[in-house]
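Reviewing the structure listed below.
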Amino acid sequence: MRKRPPDDSTGPAPPVPPLPDRFFDQYASAPRVGDDPELHGGRTRQSPHIEGRWPTHVYCEWIPTETQSTSLDLLVPPTASSLVHSPLGAPLPLHISLSQSLMLATDDRDDFVRSVWAAIDDNLPFFSVKFTSADWLVNPSHTREFYALRATPSDQLTAILEATNHVCQAMSYPTLDDAGFHVSLAWRLPNQANSRRRRRDDSDEIEQRVMNTFEVKVEAVKIKIGRTVYRKDLKS
């Protein structure tokens, strides 16, 4: 048998192309069952687990590039747990919420998706999002604090939010009022707010410089129910 000649290539290996965003739709992480904070890194579930109910969320997704993820890491406060990367260092998709964390009844799942898609104008064009500032925000149950980039409001974000709220109200689910569109980068428990770990002296300057470079292109609206992700593409 002839031996395969050795590879005498000395050039660098070609870069691995990034995963398409639809990959994350197919391999969304499984929801954790139970309300014990030990199952959630010390966090208390905003919506308690109820048998026969499905955790549901409407959102626009942002999958940062490797360069963007590196820049976002500079903004994560030293007292917080990052949402930009997993504990093992893998980059994570981020999002702008367009609904509360809902708990849909089993029989409402299909109707909810159909109704939200019908309420969103089929001619709604894709759009870009920019950011204005970074702040700590508290969730409605006051069990967690999130360090978030505040997004500049847009007609498109407002239209999607109003469509989702209309459906939620019609189906007797809570609406998301005064959303203050944002992307969460990190979280902490309220009792961690007084940590003695200081921010960098140049943190404000770094934040503004990083935010000035970001312009996120939004091409779809997504609904996640349990582990299943539904997608509505916006008009190009």
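Put simply, the amide H of Phe127, placed in the peptide plane, has neighbours under 5 Å in Val218, leaving out anything fewer than 5 places away on its chain. Using a 1.4 Å probe on the protein chains only, how many percent of the accessible area of region 93-236 belongs to carbon and sulfur? Heavy-atom surface of region 93-236 belonging to carbon and sulfur, 1.4 Å probe: 43 percent.
When Thr132, Thr164 are compared by accessible area of protein heavy atoms, the largest-first order is Thr132, Thr164, using a 1.4 Å probe. Scalar couplings 3J(HN,Hα) for region 206-221, obtained by applying the Karplus form with A = 6.51, B = -1.76, C = 1.60 to θ = phi - 60°, are 5, 4, 5, 5, 5, 4, 5, 8, 8, 9, 8, 8, 9, 10, 7, 10 Hz; x denotes Gly and Pro.
Can you tally the net charge around Ala170? Count Lys and Arg as +1, Asp and Glu as -1, for every other residue whose Cβ sits under 14 Å from the Cβ of Ala170. Summing Lys/Arg as +1 and Asp/Glu as -1 gives -2. Using only protein heavy atoms and a 1.4 Å probe, report how much of Met211 is accessible, in Å² to the nearest 10. Its heavy atoms expose roughly 10 Å² to the probe. The figure for Thr213 is an accessible area of roughly 90 square angstrom, using a 1.4 Å probe on the protein chains alone.
Given +1 at the Cβ of Lys and Arg, -1 at the Cβ of Asp and Glu and no other charges, the dipole of region 92-131 around its Cα centre is 280 debye to the nearest 20.
The values are calculated or read from the model by the stated rules, or taken from the named source; none is laboratory data. Being a predicted model, the structure only gives us computed values, none of them experimental. Note that we place each Cβ from the backbone using ideal geometry, even for glycine, and neighbour counts take in every protein chain shown. Surface areas here come from the heavy atoms of the whole protein model, side chains and all, with no ligands, DNA or RNA. Shrake-Rupley method; radii C 1.70, N 1.55, O 1.52, S 1.80 Å.
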